[in-house]
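Peer 1: My questions all concern the structure below.
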């Protein structure tokens, strides 16, 4: 019986740790003009980037047209070119 109790407690601790680790995760959709991409970290973009940061569940309207253009790393799209900073 002690083994089952210990396994149950270990499972609860593991589930709790996993649940707490997801609280700090952030995601957003960032757009410059009509080009957007996903980010998984919060960045302070330079003013000259002219980007708009939306929550991850953001969707454009039915009469709007945006392109999702993904890229890894810290930066932004400017005229089809990825600008790192």
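Peer 1: Give the residues of the range 47-57 that are assigned to a loop (DSSP other than H, G, I, E, B), at pLDDT below 95 and either surrounded by 10 or more Cβ atoms within 10 Å (Cβ to Cβ) or over 17 Å from the mean Cα position of the chain (by Cα) (or both), sorted by residue number.
Peer 2: The one that is assigned to a loop (DSSP other than H, G, I, E, B), at pLDDT below 95 and either surrounded by 10 or more Cβ atoms within 10 Å (Cβ to Cβ) or over 17 Å from the mean Cα position of the chain (by Cα) (or both): 56.
Peer 1: Can you confirm whether residue 26 is surrounded by fewer than 13 Cβ atoms within 10 Å (Cβ to Cβ), in a loop (DSSP other than H, G, I, E, B), in contact with a strand residue (DSSP E or B) (Cβ under 8 Å, 6 or more places away or on another chain) and modelled with pLDDT under 90?
Peer 2: Spelling it out, it is not the case that residue 26 is surrounded by fewer than 13 Cβ atoms within 10 Å (Cβ to Cβ), in a loop (DSSP other than H, G, I, E, B), in contact with a strand residue (DSSP E or B) (Cβ under 8 Å, 6 or more places away or on another chain) and modelled with pLDDT under 90.
The values are calculated or read from the model by the stated rules, or taken from the named source; none is laboratory data. Bear in mind that the values here come from a model prediction, so they are computed numbers and not experimental data. Every residue, glycine as well, gets a Cβ built from its backbone with ideal geometry; the counts of neighbours run over all protein chains shown.
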